[in-house]
Amino acid sequence: MSFIDHLEALRWHIIRAAIAVLVFATAAFLAKDFLFHDLILGPSRPDFWTYQMFCRVGKLISAPDLCMTDVGFVIQNREMSGQLAMHLSTSFTVGLVLGFPYLFWELWRFISPGLYPHERANSRGAVFFVSILFVCGLLFGYYVASPLSINFLAGYVVDPTIENQIDLQSYLSTLTTMTLSCAFVFELPMIVFFLAKAGLITHEIMRMYRKHAIVVILIIAAIITPPDVSSQLIVTLPILALYELSIHIARVVRRKDVSRLNQQLADNQGVA
């Protein structure tokens, strides 16, 4: 294919991806009650699933402080067109999130023809695993990281006479940042997989710089969580587990590549 043909193919991949995002965004826009009352504003109410689980754990371990009965803040809108603009932007964000697996599939369809046959074979299932990790990170961010951040930040007061009246934009920004950050951080194993396939990273390097990686992970957890030690630990532990999993993935990739190269060398010697 010529360069123009590649651009034409890419254009149709982008068009199909944009249509998918538009469909999901339209569905989210029409489901306004569920989108905002149940999904977006869920972590702002004490009956949210995460808070109920904390309450049950608190009863089991005799720690009543874990049970939250009041969120301690009020969400309000201060702009005339604020709610309409937020409805549109949130619907588009939800469309991107729901359409992410399809977006990656379209990207993979554009890239995969340029790979060697053994590279396509070794990368089979990439769309599935990328989507699974993205969804797992999304759920972790929504049900764990976001409620902890919202509960801590909204409940923090410097004086009891100051009432927390949170702007809708500020609330949505915190929820979106926390959720999407966790979703993309959970893609670490797949990123390591592709880097290992390209020969840019090995499990030896990852083990050598494990201590440095722990420091970086702690910094990332500190950025995407409030200045609360318990919240940072809850976010740090899954990322550390993903890093250890990534070391194992890099080791498996290296072993398979070495085996394949040895087999090719043996075949070439046999032919000679």
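Numbers below:
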quantity	calculated
Considering residues of the range 45-64 that are open to solvent by 80 Å² or more (accessible area, probe 1.4 Å) and of a type outside the set (A, V, I, L, M, F, W, C) only, the residue farthest from S230 (Cα to Cα)	D47
Which listed residue is surrounded by 12 or more Cβ atoms within 10 Å (Cβ to Cβ) and either of a type outside the set (G, A, S) or modelled with pLDDT of 85 or more (or both), from T69, T93	T93
Residue check for I223: among the β-branched types (V, I, T), touching a helix residue (DSSP H, G or I) at 6+ places or on another chain (Cβ under 9 Å), in a helix (DSSP H, G or I) and loosely packed, with under 14 Cβ neighbours inside 10 Å	yes
Test: residue in the range 23-40 that is closer than 22 Å to L180 by Cα, touching a strand residue (DSSP E or B) at 6+ places or on another chain (Cβ under 7 Å) and surrounded by 14 or more Cβ atoms within 10 Å (Cβ to Cβ)	no
Hey, R109 charged (D, E, K, R), farther than 26 Å from A154 by Cβ and free of Cβ contacts under 8 Å to residues at least 60 places away in the same chain or not	no
Near pairs, Cβ below 8 angstrom, 6+ apart or cross-chain, from the range 67-94 (touching a residue at least 60 places away in the same chain (Cβ under 8 Å) and closer than 24 Å to P147 by Cβ) to any residue that is of a type in the set (D, E) and open to solvent by less than 70 Å² (accessible area, probe 1.4 Å)	I75/D167; Q76/D167; N77/D167
Selection count, the range 66-86, where residues are aliphatic (A, V, I, L, M), assigned to a helix (DSSP H, G or I) and touching a helix residue (DSSP H, G or I) at 6+ places or on another chain (Cβ under 7 Å)	2
Cross-chain or 6+ apart pairs with Cβ under 7 Å, the range 51-65 first and small (G, A, S) and part of a helix (DSSP H, G or I), then exposed (fewer than 12 other Cβ atoms within 10 Å of the Cβ) and modelled with pLDDT under 80	G58/P64; G58/D65
Selection count, the range 128-145, where residues are more than 12 Å from the chain's Cα centre (by Cα) and under 13 Å from M178 (Cα atoms)	2
Pair list, Cβ under 9 Å, 6 or more apart: the range 122-147 residue closer than 15 Å to V97 by Cβ, other residue among the charged types (D, E, K, R) and surrounded by 15 or more Cβ atoms within 10 Å (Cβ to Cβ)	V130/E187; L133/E187; F134/E187; G137/E187
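Conditions tested, residue by residue: (1) of a type outside the set (A, V, I, L, M, F, W, C); (2) in contact with a strand residue (DSSP E or B) (Cβ under 8 Å, 6 or more places away or on another chain); (3) within 28 Å of F186 (Cα to Cα).
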| position | (1), (2), (3) |
| --- | --- |
| R78 | yes, yes, no |
| H87 | yes, no, yes |
| T90 | yes, no, yes |
| G95 | yes, no, yes |
| P101 | yes, no, yes |
| W105 | no, no, yes |
| S112 | yes, no, yes |
| F134 | no, no, yes |
| P147 | yes, no, yes |
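The values are calculated or read from the model by the stated rules, or taken from the named source; none is laboratory data. Keep in mind the model is a prediction, meaning the values are calculated, not measured. Note that we place each Cβ from the backbone using ideal geometry, even for glycine, and neighbour counts take in every protein chain shown. Surface accessibility is based on the protein's heavy atoms, side chains included, excluding ligands, DNA and RNA. Shrake-Rupley method; radii C 1.70, N 1.55, O 1.52, S 1.80 Å.
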